[in-house]
Ligand SMILES: Nc1nc2c(ncn2[C@@H]2O[C@H](COP(=O)(O)OP(=O)(O)OP(=O)(O)O)[C@@H](O)[C@H]2O)c(=O)[nH]1
């Protein structure tokens, strides 16, 4: 699925998030010593003890700008915009090296949504930078308690493309396994890598976005990973949840525990995280774009805070090729038109990680909106 080089001229951006003290700075320090990281610019909230002369490090403050809605989930970060713009201008003028990647480290208490919204919506940033991956650090020992007590910690795990279980040397097998199962239930598609002192190859963390710079194409299947989620079929009257947990998670954690289900999220674990659900909704019949847009407007306006992360590939009426959609809470990324289907599976598939919002209401509302628009379109046809 070749696409124009323009997409790849945009600078890949990785966001590192994770709870206070979960090892973000340790990770960043370790990453920056690896080969191939020489052209990386870093934006961090505090300088801390990072001191790498050859790198471009710039501090950003907690300057958050509320959009018209006045909602913190929908805010954009003015400092992030000015920080990235400033870096880009200096790069263009040759005042700093031509970095080809940016890493943004958030503060430990940050809700990552405003940062992602900023990268997804600011008109200048979206033409110069592309969100490549969200990497979330979770403390192997304290992560479970933090998920219980801090909603930001749950959001940080839910929006991740990659989860690093940091300080894996400090937790025993049972603790790591329980946390791993819980994280998998929260975010089935993100690979979970156990890490000690930030020691992980950068290649595992980058290139998680829709655009694959190695092949210069869009790798939808790798990005969507809908096979990792529970599937909810297209019959609105059949809400039997298919608990076929044939998930295919990458998982480096090898310590032979027979009592741990390495291939699925256990329902014992789900009970502890009753508010968060992850699922995939599929539609066999093509969708009307108007139906999807109407649905998206209603849900982002009314339930945006409950939509932690949404990704999908849509089969649209009248279109031969699919469209990729992507949202974080209230904000939808501009849809990306693909040139062809990635496989023979031409169903629309949308994966959701939600809070207090189940698949049935989402599925039914989109199904009925689509049916209503189909009916209207058919009635408008000359007989
Ligand atoms: N034993 C062990 N300690 C670690 C590991 N990773 C980080 N630490 C320690 O954990 C502490 C917190 O690590 P940081 O990297 O500062 O965590 P952070 O997420 O950047 O912290 P904040 O910026 O305060 O949110 C430090 O004392 C690290 O040395 C690890 O894998 N194993």
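The values are calculated or read from the model by the stated rules, or taken from the named source; none is laboratory data. Everything numeric here is computed off the predicted structure, so don't read it as measured data. For neighbour counting, all protein chains shown are included, and Cβ atoms are generated from backbone atoms with ideal geometry for every residue, glycine included.
Here are the numbers:
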item: Residue in segment 122-135 that is within 14 Å of the ligand (Cβ to nearest atom), surrounded by 16 or more Cβ atoms within 10 Å (Cβ to Cβ), under 14 Å from the mean Cα position of the chain (by Cα) and assigned to a strand (DSSP E or B) present; result: yes
item: Output for segment 348-383, where each listed residue is in contact (Cβ under 8 Å) with a residue 60 or more places away in the chain, within 16 Å of residue 317 (Cα to Cα) and surrounded by fewer than 18 Cβ atoms within 10 Å (Cβ to Cβ); result: 368, 372, 374, 377
item: Every residue from segment 20-35 that is touching a helix residue (DSSP H, G or I) at 6+ places or on another chain (Cβ under 7 Å) and either in a helix (DSSP H, G or I) or within 12 Å of the ligand (Cβ to nearest atom) (or both); result: 31
item: Flag if residue 116 is modelled with pLDDT of 85 or more, in contact with a strand residue (DSSP E or B) (Cβ under 7 Å, 6 or more places away or on another chain) and away from the ligand (no atom under 15 Å from the Cβ); result: yes
item: Segment 184-228, residues that are within 16 Å of the ligand (Cβ to nearest atom), buried (at least 22 other Cβ atoms within 10 Å of the Cβ) and at pLDDT below 95; result: 205
item: Pairs with Cβ under 6 Å, 6+ apart, first in segment 16-32 and not assigned by the TED database to the domain that holds residue 200, second at pLDDT 95 or above; result: none
item: Condition met for residue 48 (assigned by the TED database to the domain that holds residue 199, surrounded by fewer than 16 Cβ atoms within 10 Å (Cβ to Cβ), in a loop (DSSP other than H, G, I, E, B) and at pLDDT 80 or above); result: no
item: Single unsatisfied condition, residue 321 versus (1) in contact (Cβ under 8 Å) with a residue 24 or more places away in the chain; (2) touching a strand residue (DSSP E or B) at 6+ places or on another chain (Cβ under 9 Å); (3) within 27 Å of residue 131 (Cα to Cα); result: (1)
item: Every residue from segment 287-319 that is assigned to a helix (DSSP H, G or I), within 13 Å of residue 357 (Cα to Cα) and within 20 Å of the chain's Cα centre (by Cα); result: 299, 300, 303, 304, 305, 306
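Residue-by-condition table, conditions (1) more than 16 Å from the ligand (Cβ to nearest atom); (2) surrounded by 24 or more Cβ atoms within 10 Å (Cβ to Cβ); (3) within 22 Å of residue 114 (Cα to Cα):
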{"residue": "147", "(1), (2), (3)": "no, no, yes"}
{"residue": "153", "(1), (2), (3)": "no, yes, yes"}
{"residue": "159", "(1), (2), (3)": "yes, no, yes"}
{"residue": "162", "(1), (2), (3)": "no, no, yes"}
{"residue": "166", "(1), (2), (3)": "no, yes, no"}
{"residue": "169", "(1), (2), (3)": "no, no, no"}
{"residue": "178", "(1), (2), (3)": "yes, no, no"}
